[in-house]
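We did not get these values from a lab; they are worked out from the coordinates using the rules stated. Please read these numbers as outputs of a predicted model, since none were measured by experiment. Note: ideal-geometry Cβ built from the backbone for every residue, glycine included; neighbour counts use all protein chains shown.
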């Protein structure tokens with residue numbers, strides 16, 4: 001499997017002569033486990049891998065058992081080299097962070113060179129455990145969905161293939177059989193993420209509503225929908241607070257999120273109508289009725305996929321940075337995406353066709369907020385391929 005750019009950064013840290021806790025957090029099937037195996041093979045000192053991703057939940061004694069094996073490996077490696085302990089899907093164990101804190105502090109007092117790598121597919125639960133118990137004891141690295149650049153270099157994908165198939169590496173070998181690819185995404189990624197990463201691990205009072213919110217997010221990706229309008233689309237007596245919570249859970253699992261409206265006053269963003277956005281376009285196409293060929297021929301459907309691809313690229317690429325992504329709308333004037341870093345603003349508009357069109361939203365936003373840059377992506381602006389090959393940090 002193709003090594004991701006983060007590989008060399010983590011490998012360099014593993015070579016340091018001291019213990020540490022490295023946390024890799026990200027959605028299912030984006031290569032966290034594969035990356036850990038590649039690192040395991042690349043190092044010259046002992047290691048131990050264990051996964052808590054079992055049908056029945058483990059308890060904290062499981063962590064203690066694996067940790068003891070890690071300590072044994074440390075003795076084998078010697079004080080200078082130490083050992084690597086990899087704990088996969090650890091967020092599924094109740095009170096996991098308290099157990100790791102206790103064991104880590106014991107090893108620190110003994111000057112034991114145990115390097116610990118924690119892998120988790122539920123960002124919300126991982127973050128909660130880190131902030132509650134492990135503050136100051138870890139380094140967090142976000143492993144996001146694969147970029148176009150990664151898929152192009154690893155699998156030779158064209159721009160069109162990336163827009164449609166979305167870039168799940170495990171599904172890349174299946175794209176010639178679209179029916180099989182679709183079933184893989186639905187059964188192994190969507191269903192597993194919802195039923196195991198969200199419903200087993202978080203308080204979900206209305207599972208059917210959670211699934212409908214996910215479907216709504218996929219169907220309306222790229223569109224701004226108030227919570228009241230969402231409630232009108234759902235056959236359930238929920239409320240706006242419940243919908244916002246479920247969108248947060250879906251976002252934490254790397255599926256769908258609600259992009260906030262841009263305000264200079266950040267406190268107002270939470271009350272805004274969200275712009276629904278998938279974090280991988282495969283979530284749309286695997287559940288849709290259009291084939292790869294048919295989607296390209298349907299101008300409206302392809303335009304929605306293009307905008308969703310750009311949105312996913314911006315969000316995935318800025319996760320863990322100081323760059324904020326939002327949208328802006330006043331009346332019928334709208335800007336697709338706003339990048340903000342401190343006081344610096346970049347306004348982005350996405351066009352999937354070559355036709356000349358006016359951009360009243362961009363002009364209105366510029367007159368009011370004076371962004372440093374106004375970018376047109378696609379059409380007669382920056383080519384889609386070039387934009388997706390470039391980090392958003394470049395533009396801001």
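Worth pointing out:
- Here the gap between residue 154 and residue 373, fully extended at 0.36 nm per residue and compared with their Cα-Cα distance, gives a gain of 75.6 nm.
- Over the chain, Cα pairs under 8 Å with separation of 6+ residues give a relative contact order of 14 percent.
- Once the Cα atoms are used to define both axes, helix 299-318 deviates from the longest principal axis of the chain by about 40 degrees.
- Per residue of the chain, the DSSP helices (runs of n ≥ 4 H) give a summed -39500 (n - 2.57) that works out to -12500 deg cm²/dmol at 222 nm.
- Length available on full extension from residue 106 to residue 195: 0.36 nm per residue minus the Cα-Cα distance, which gives 28.5 nm.
- Cα shape, segment 23-64, gyration tensor, a/c 1.5 rule: oblate
- Label point distance in nm, residue 219-residue 18, each placed 7 Å from Cα along Cα→Cβ: 5.4 nm
- Separation of alpha-carbon centers, segment 374-388 and segment 14-90, rounded to whole Å: 42 Å
- Cα gyration tensor shape of segment 310-396, rounded if a/c is under 1.5, else prolate or oblate by comparing a/b with b/c: oblate
- Mean projection area, nm², convex hull over Cα of segment 1-79: 6.1 nm²
- Cα gyration tensor shape of segment 148-395, rounded if a/c is under 1.5, else prolate or oblate by comparing a/b with b/c: oblate
- Here the gap between residue 95 and residue 264, fully extended at 0.36 nm per residue and compared with their Cα-Cα distance, gives a gain of 57.0 nm.
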